[in-house]
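Report on one structure; see the data block that follows.
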């Protein structure tokens, strides 16, 4: 029997939630972090600056864990992009910082995509 990955591994460094994301569930996307912990993917090949800084270099689950969250130029650059999803990813990270990962995972149970309403 295949062991399910830890629910935290479905949360991208930026706040996207792969477990409820349609491209991930349809097999089009590999997910943000899945496979790096067991060697099926190589983190050194990652192109995402947030993932490299957060997950590879600093060993955080997400940028929500970073003490430099409010002053990080990588995070600021990502969240300064236009588009609804960037606002929602920021909300996810801020929710995690305030309510923890278990609160985030519970709140996301009904989502239909990589972001949704946070209670």
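The values are calculated or read from the model by the stated rules, or taken from the named source; none is laboratory data. Because the structure is a prediction, the values reported are computed rather than measured. Note that we place each Cβ from the backbone using ideal geometry, even for glycine, and neighbour counts take in every protein chain shown.
Per-structure values
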item	result
Complete set of residues in the stretch 44-67 that are part of a loop (DSSP other than H, G, I, E, B) and either within 21 Å of residue 104 (Cα to Cα) or touching a helix residue (DSSP H, G or I) at 6+ places or on another chain (Cβ under 7 Å) (or both)	46, 59, 60, 61, 62, 66, 67
For residue 70: the one exception among (1) more than 14 Å from the chain's Cα centre (by Cα); (2) assigned to a loop (DSSP other than H, G, I, E, B); (3) surrounded by fewer than 15 Cβ atoms within 10 Å (Cβ to Cβ)	(2)
Checking residue 97 against (1) at pLDDT 95 or above; (2) under 21 Å from residue 5 (Cβ atoms); (3) surrounded by fewer than 17 Cβ atoms within 10 Å (Cβ to Cβ); (4) in contact with a helix residue (DSSP H, G or I) (Cβ under 8 Å, 6 or more places away or on another chain), the condition it does not meet	(2)
Residue check for residue 3: at pLDDT below 95 and surrounded by 17 or more Cβ atoms within 10 Å (Cβ to Cβ)	no
Number of the exception - residue 103 against (1) surrounded by 16 or more Cβ atoms within 10 Å (Cβ to Cβ); (2) at pLDDT 95 or above	(1)
Count of residues meeting criterion [touching a residue at least 12 places away in the same chain (Cβ under 8 Å) and either under 24 Å from residue 102 (Cα atoms) or loosely packed, with under 14 Cβ neighbours inside 10 Å (or both)] in the stretch 45-64	11
Filter result (part of a loop (DSSP other than H, G, I, E, B) and touching a residue at least 12 places away in the same chain (Cβ under 8 Å)) within the stretch 23-43	31, 32, 33, 34, 36, 37
